[in-house]
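Below: one structure, written as structure tokens.
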Amino acid sequence: MQPDIREVIAYEDDVFVWVFLDQIDRVLRYEAYVIDYDEQGNPGTLKFVIEEGVLDNLTEVEFLWAMLQEYTRTHVYAQIATLESALFFEVESPRALRYFYNSLSAPQLEQIHNYFAFQETALKRRKKAHWARALRALGYDVIDRLK
């Protein structure tokens, strides 16, 4: 009988976190996922998602809330979507944020990306024990890193 061979996941090398703005729900979401490797052992694509969730409401992140308020005051697409929602008796139109990200300046985008990168690192550190247990429950051996 062959011994049970378990795949190994190196937490620091194989587990990633992605933080992003959900423009429909106006929240910051995250996904923690494990990557796969190709036949040559090079990092590949998404293998599976460990956990997904909501990090914050957009209104709870002060600088993002300020950017959104400026956008809704000045951006023509946001004004049209707000007017459309009033005309059709909708509370809010999901189209109101459709062009929000594209309307941001380079320094604003850099601020958002730096914030997202910080949150990704913090989530990976804070949830390490929880995600490692989940991976073990799925049948993986979890080590800290490959090297």
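The values are calculated or read from the model by the stated rules, or taken from the named source; none is laboratory data. Please read these numbers as outputs of a predicted model, since none were measured by experiment. Counting neighbours? That spans all protein chains shown, and the Cβs are built from the backbone with ideal geometry, glycine included.
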ask   = Consider Val15 against the criteria (1) touching a residue at least 12 places away in the same chain (Cβ under 8 Å); (2) on the phi > 0 side of the Ramachandran plot: it satisfies all of them except one. Which criterion is unmet?
value = (2)
query = Failed condition for Glu51, given (1) of a type in the set (D, E, K, R); (2) touching a Gly at 6+ places or on another chain (Cβ under 9 Å); (3) modelled with pLDDT of 95 or more, with all others met?
reply = (2)
query = Considering Val61, Val49, Val8, which residue is surrounded by 16 or more Cβ atoms within 10 Å (Cβ to Cβ) and not basic (Lys, Arg)?
reply = Val61
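Among the residues of segment 18-40, which ones are outside any loop (DSSP other than H, G, I, E, B), without any contact (Cβ under 8 Å) to a residue 40 or more places away in the chain and within 28 Å of Glu62 (Cβ to Cβ)? Give the derivation first.
Quick first cut of segment 18-40, residues outside any loop (DSSP other than H, G, I, E, B) only: 18-22, 27-37.
Subset that is without any contact (Cβ under 8 Å) to a residue 40 or more places away in the chain: 22, 27, 29, 31, 33, 35-37.
Asp22, Val27, Arg29, Glu31, listed by residue number.
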message = Looking only at segment 119-130, filter to residues that are among the hydrophobic types (A, V, I, L, M, F, W, C) and within 14 Å of Asp56 (Cα to Cα); which one of those is surrounded by the fewest Cβ atoms within 10 Å (Cβ to Cβ)?
response = Ala122
inquiry  = Please count how many residues of segment 113-147 are assigned to a helix (DSSP H, G or I) and in contact with a helix residue (DSSP H, G or I) (Cβ under 7 Å, 6 or more places away or on another chain).
reply    = 2
remark   = Thr59 fails exactly one of (1) in contact (Cβ under 8 Å) with a residue 60 or more places away in the chain; (2) farther than 22 Å from Gly139 by Cα, namely (1)
message = Against the condition within 15 Å of Phe116 (Cα to Cα) and at pLDDT 95 or above, how does Phe63 come out, does it pass?
response = yes
request  = For residues that are hydrophobic (A, V, I, L, M, F, W, C) and surrounded by 11 or more Cβ atoms within 10 Å (Cβ to Cβ), scanning just segment 99-118, find the one that is nearest to the chain's Cα centre (by Cα).
outcome  = Phe116
